[in-house]
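K.L.:
First the structure, which I've put down as structure tokens, then a few questions once you've had a look.
The values are calculated or read from the model by the stated rules, or taken from the named source; none is laboratory data. Quick caveat: nothing in here was measured; it's all calculated off a predicted structure. Don't worry about glycine lacking a Cβ; one is built from the backbone with ideal geometry, like all the others, and counts go over all protein chains shown. Protein only, heavy atoms only, side chains kept; ligands, DNA and RNA dropped before computing areas. Shrake-Rupley method; radii C 1.70, N 1.55, O 1.52, S 1.80 Å.
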Amino acid sequence: MPTVAPLDLEGHCVAAVFLGNVPHFALADGAIHRLDNGHKTIQANDGLLAAFHDAANDRLITGGEDGKVFAVKAGGEATDVASAGKKWVTSVAAGPQGAIAFATGKTAFVRFADGKTREFTHPRSVEGLAFSPKGMRFGVARYNGATLHFPAAEGKPVELEWAGAHTGITFSPDGAFLVTTMQENALHGWKLADGKHMRMTGYPGKVKSLSWSVKGKWLASSGAPAAIVWPFSGKDGPMGKAPLELGTRGNTMVTCVACHPSQDVVAIGYEDGMVIAARFADAKEVLLRRQGKGAITAMMWDKEERRIAFGSAAGDCGVIDITA
Amino acid sequence: MSDAQTQIPVTVLTGYLGAGKTTLLNRILSENHGKRYAVIVNEFGEIGIDNDLIVESDEEIYEMNNGCVCCTVRGDLIRVVEGLMRRPGRFDAIVVETTGLADPVPVAQTFFMDDDVRSKTKLDAVVALVDAKHLPLRLKDSKEAEDQIAFADVVVLNKTDLVTPEELAKVEATIRAINPAARIHRTTRAGVALSEVLDRGAFDLSRALENDPHFLEAHDHDHDHDHECGPDCDHDHHHHDGHDHHHHHDHAHPSDIHDVTVKSVSLRGGEMDPKKFFPWIEKITQMEGPNILRLKGIIALKGDDERYVLQGVHMIIEGDHQRAWKDGEKHESRLVFIGRELDAERLKKSFDACQAA
């Protein structure tokens, strides 16, 4: 029977992550809480808007209302790594070789590990950022498509066009596909080798949470009463194939998904605070947490594949131990 | 869950550069009214007040991918409102200041079309600042100036000290011709009482049509004034001679004033047959949506003892029962469209055809 160690906080949880195997919870007020032999807190941004877990460097990159970017490491170290002036930093991402990217308004910045920074301005706002897992390349979600930059080299960016407002962005773990979330209730994808389009529609709500399964075989998504899981193992991605619908509930929506690090299992968080795990092969479900105070907004599995840190819009966070 | 949360009211300030938006904004932020405001601006610029909750954002108009050209939202507002609402304890209301050339429609539609924004906030009113001296010129060079007036719930006619009484009367008549439904306040240095621009409930179906537009009130409505006038009854009326009152118009009155392309169509009738009226209004907003900037109405439905109120922006239309008809209150239906290229005769004919037998 899974057990839940609750951590009741005040405020919207933007990220729940493990750093150095310690669960950390980043709240919208910029406080980073952790359960490290007791409840401890440090302050990052004055107003935290975006966070990205930099797995390679075991740190959390955050951006906020104060126009700053912080790197938070295990043990309670929050370092101010970059500043973009008075405007809000609305998205952050981490890439290869210690590089980070952050965006404010129409400008995306890439800061390399040596502190050198490059600026990329766009005709429209940068809505989302993601690094490709391979090579020094990052993508920007924008109105009417996505833009790919190669920050380590000179040269023109690659423009991928698709009408509509693209709000979030992710590369598949093998770098073959690029997927965006949209203002309308849909995902859009490109096969990068040939620019082929992939339309993933039919959601009743906006998709705000995406998670790639082990080796990128599947892409799980929120935005429906079930976790919608698209097959990406074929060479054309999910085209012509139906997605899995896991953990369907009649009276609430999925708000957050987090795929298991090594198995075809996804943790599904709902608007009413419930968390379950569902297996792709047979759609079998296990209840991990009952309803809470707010919608699940963040989840992450630990490296031992034993615990899930979760956070909600109302601040009732915690750690689920699935083996206990 | 979100439905338990109270919705934060949002006031939209439009108006050309120099019309007095910043002056009004500084007053909203500095006057002692016991409320805290978060302000979304396009440029920090001249706001002389130190406030953590002034957020700069780049105007981003996003067309929705649904084949409807008038379905536009402001992407930047979606993002900023989402960020602000993650820490809701900091403010009681939001003010959105738009740039001089901004189209107010995508701003307003954001609060109806985006589910997240809609669940957490509600549009309170659109306030247009108008420079009395320069309006005639603005109307000549741009469609935006006219749109801002046409779309407003409240018009602050500012800098009245810079024009003659005759010029002022003419400017006011122009505003009234574009938008008979708005309240007009004549001011200098944007000196309007803040209660006249904030917390108006202009998009709140239960309040909007109850309080504001006189044109929707019955003919025998008891005025506290010695003459009939527009809904803006709080200023002195000395310059009103020759003012074109709309109370008695059941037909369109395109302005005779040059450079005005927006007109309004006011319709009135008796009790409506719901089986005819709802399909009709649906069809009108579907077909004429791009031409309709605003619509508001109170409808008497046959066999229904409650008033039905409705309002719309382009193709978005909302309606609900508001309250029971009072004893002795005349069961009358009134509807006004503000827009472009509206066929008044056809609207009137088809509206009349919806009346209950």
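K.L.:
Using 18 Å as the Cα-Cα cut-off, could you pick out the over-long pairs in B:Lys275/B:Lys302; A:Lys196/A:Lys241; A:Lys86/A:Lys206?
P.N.:
The answer is A:Lys86/A:Lys206.
K.L.:
In segment B:11-40, which trypsin sites (Lys or Arg not before Pro) are in a loop and have at most 14 other Cβ atoms within 10 Å, using DSSP for the loop call?
P.N.:
B:Lys35, B:Arg36
K.L.:
Ok, one more. What does the average come to when, for each residue of peptide B:93-105, you count the partner chain Cβ atoms lying within 10 Å of its Cβ?
P.N.:
Rounded to a whole number, the mean comes out at 0.
K.L.:
How large is ³J(HN,Hα), in whole Hz, for each residue of segment A:51-67 in order, when computed from phi with the Karplus curve 6.51 cos²θ - 1.76 cosθ + 1.60 and θ = phi - 60°, using x for Gly and Pro?
P.N.:
Going residue by residue, I get 8, 9, 7, 8, 4, 4, 10, 6, 9, 10, 9, 10, x, x, 5, 7, x Hz, with x marking Gly and Pro.
K.L.:
Tell me, what is the FRET efficiency for A:Glu10 and B:Met287 to the nearest 0.05, using R0 = 51 angstrom and their Cβ-Cβ distance as r?
P.N.:
0.55
K.L.:
Here's another thing I want to ask about it. Hey, how many Å between the Cα centroid of segment A:1-36 and the Cα centroid of segment B:259-275?
P.N.:
56 Å
K.L.:
Against the 2.2 N^0.38 Å scaling, with N counting residues, where does segment A:185-324 land? I'd like the Cα-based Rg ratio to two decimal places.
P.N.:
Normalised Cα radius of gyration, segment A:185-324: 1.02.
K.L.:
Now a separate question. Would you jot down the residues in segment A:35-73 that end up with at least 10 Å² less accessible area in the complete protein assembly than in the chain alone, with a 1.4 Å probe?
P.N.:
Those residues are A:Asp46, A:Leu49, A:Glu65.
K.L.:
Something else about it: Points 7 angstrom from Cα along the Cβ direction at A:Arg279 and B:Thr6: gap in nanometres?
P.N.:
Result for the modelled spin labels: 5.0 nm.
K.L.:
Given a Förster distance of 60 Å, report the FRET efficiency between A:Glu154 and B:Asp115 from their Cβ-Cβ distance, rounded to the nearest 0.05.
P.N.:
0.90
K.L.:
Continuing with this model, one more query. Would you tell me the accessible area of B:His331, worked out with a 1.4 angstrom probe on the heavy atoms of the protein chains, in Å² to the nearest 10?
P.N.:
Near enough 70 Å² of accessible area.
K.L.:
Nearest 0.05, what FRET efficiency do A:Lys106 and B:Lys35 give at R0 = 41 Å with Cβ-Cβ as r?
P.N.:
0.80
K.L.:
Quick check on segment A:266-309: take the gyration tensor over C-alpha atoms, sort the square-rooted eigenvalues as a ≥ b ≥ c, and tell me if it's rounded (a/c under 1.5), prolate or oblate.
P.N.:
oblate
K.L.:
When the chain is fully extended, how far beyond the present Cα-Cα distance does B:Lys275 get from B:Asn26, taking 0.36 nm per residue of separation?
P.N.:
84.7 nm
K.L.:
In segment A:64-155, which GluC sites (Glu not before Pro) are in a loop and have at most 15 other Cβ atoms within 10 Å, using DSSP for the loop call?
P.N.:
Sites meeting the loop and neighbour criteria: A:Glu154.
K.L.:
Classify chain A from the C-alpha gyration tensor, please: rounded if a/c falls under 1.5, else prolate or oblate depending on whether a/b exceeds b/c.
P.N.:
oblate
K.L.:
Using a Gaussian network model of chain A whose springs link C-alpha atoms within less than 10 Å, name the residue from A:Phe177, A:Phe102, A:Phe280 with the highest mean-square fluctuation.
P.N.:
A:Phe280
K.L.:
Counting only other chains, what is the mean number of Cβ atoms within 10 angstrom of the Cβ of each residue in peptide B:71-79?
P.N.:
3
K.L.:
Between A:Arg199 and A:Thr252, 0.36 nm times their residue separation minus their Cα-Cα distance comes to what?
P.N.:
16.6 nm
K.L.:
Please report the spacing between the Cα centers of segment B:4-30 and segment A:166-186 in Å, no decimals.
P.N.:
When both Cα centres are located, 36 Å separates them.
K.L.:
Now for a separate question. Would you pull out the residues with amide H under 5 Å of B:Ile184's amide H, same chain only if 5 or more places away, H placed 1.01 Å from N?
P.N.:
Those qualifying (amide H under 5 Å, at least 5 residues apart or on another chain) are B:Val155, B:Asp232.
K.L.:
What figure, in Å² to the nearest 10, do you get for the accessible area of A:Phe52 with a 1.4 Å probe and non-protein molecules left out?
P.N.:
Counting only protein heavy atoms, A:Phe52 exposes about 70 Å² to solvent.
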